[in-house]
1. Express in whole angstrom the spacing between the alpha-carbon centres of the range 192-219 and the range 76-152.
2. Would you calculate a helix-derived [θ] at 222 nm for the chain, using -39,500 (n - 2.57) for each DSSP H run of n ≥ 4 and dividing by the full residue count, to the nearest 500?
3. Cut-off is 10 Å between beta-carbons; in what order do 8, 204 appear when sorted fewest neighbours first?
4. Grab the Cα-Cα distance for residue 39 and residue 154, subtract it from 0.36 nm times how many residues apart they are, and report the gain in nm with one decimal.
5. Compute the FRET efficiency between residue 8 and residue 385 as 1/(1 + (r/R0)^6), taking r as their Cβ-Cβ distance and R0 = 30 Å, and round to the nearest 0.05.
6. Counting other beta carbons within 10 Å of each Cβ, put 215, 249 in order, fewest first.
7. How high is the relative contact order of the chain, in percent, counting Cα pairs under 8 Å that sit 6 or more residues apart?
8. Given points 7 Å out from each Cα along the Cα-Cβ axis, report the residue 266 to residue 230 separation in nanometres with one decimal.
Amino acid sequence: MDKQKFLDDYVVERRGTDCFKWDELESRYGDKDLISMWVADMEFKTCDQVIDAMIKRTRHGVFGYSCVPGEYYQVFSDWMERRYRFPLKKEWVRFSTGCVTGIAWMVHAFTKPGDACLILTPVYYPFHNVVTNNGRTLVTVDLEYDNGHFSMDYKAIEKAIVENNVKMFIQCSPHNPAGRVWSEEELEQVLEICKRHQVLVVSDEIHQDITLKDHAFTPAAVAKEGAYRDMVITLSSASKTFNLAGLPHSHIIITNESLMAVYDKFASALNRTEINVLGVVATMAAYAHGDEWLDHVLEVIEDNYSYLKHTLNDKAPDITVCDLEGTYLVLLDLRKCVDQNGVKEFIQDKCRLAVDYGEWFGKNFNGFVRLNLATDPAYVRQAVDNIVNQLSNCN
Ligand SMILES: Cc1ncc(COP(=O)(O)O)c(C=O)c1O
């Protein structure tokens, strides 16, 4: 199938379907007529086999308490092994209803009130809330930023860990919104620091499958031939990859038996570990049959990014389009051309875009905005046109 055929078949109108992204524009942005480029899901229907599997299961008509079939673990492990050298044992896997819920559970299971948890900013805003709203101490270290490229500041990370007696590092890999797919070498450096100071790593790898060009994703548990595996808890889901976020279902992967025992004790106290039936059915079908659909989606994201970057570099060179190695969420650095107090007026009122604002991800990132590129290229073209036109009006 060529790209146009994919777009013809899979791009859908989402307005009027009770989706956050379009139907909440009025309540969240005060304007229902914006081009919605904020929340991280897609305008694409998920792959046919997922829909078919859900229809089949739905026709059965009973949605009682359910378990996860043995085949699920095999299909999930096969996906992880063939893509990321991470074959899974069934006893390493538990489930949660979303990765953010998973982070909250890890915070409760493995830290005490007041303990310090580290995040690298700018980062997905629930990472901040899940620490502060649960009575833990939030420690932030800014990523280093150089002309559209983010990297980790190892010295600052180690200093913050030591000075604050950090107990848990909540890592985002690939990183939203920095757009980085951490290389194995980068992961090794940060994991080594955590090991040195006995910091437990919770690695949110929900964006693992969205990698562009030749940027290979390495799970933290696989870095350096698994050397850090016993101090890493991996959270993942098929939800970003296959546009399933409305069916909350995600994975908690713990290879270390002692840590798993702590988690299981916590989970039994929680008394809430049942799975979402349709989430299980959809995930299994996606991992079994979704490779080709995913290739098409990645092509669309890659082309959308390339169009955005080249056009803005050419026609609006004062905007820095940040690197996008992974995720479909790209940051634009507007600081050279838009006054920091006027970002909303420029991007929303003039360019007519609903975006995520840089300061949502970290206090030092006012002047950045995040755009979602997992969408119809027509929206990306319109967004770019609006930005270029508005900038030339300003000049
Ligand atoms: C890094 C990251 N983690 C978690 C989530 C949300 O995951 P869930 O809906 O499974 O809680 C997102 C959504 O954008 C995300 O970017």
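None of the figures in this text is laboratory data; all of them are computed from the coordinates on show. Being a predicted model, the structure only gives us computed values, none of them experimental. All Cβ positions, even for glycine, are placed from backbone atoms using ideal geometry, and neighbour counts span all protein chains on display.
1. 9 Å
2. -13000 deg cm²/dmol
3. 8, 204
4. 38.4 nm
5. Between residue 8 and residue 385 the formula returns 0.85.
6. The fewest-first ordering by Cβ neighbours comes to 215, 249.
7. For the chain, the relative contact order is 22 percent.
8. 2.0 nm
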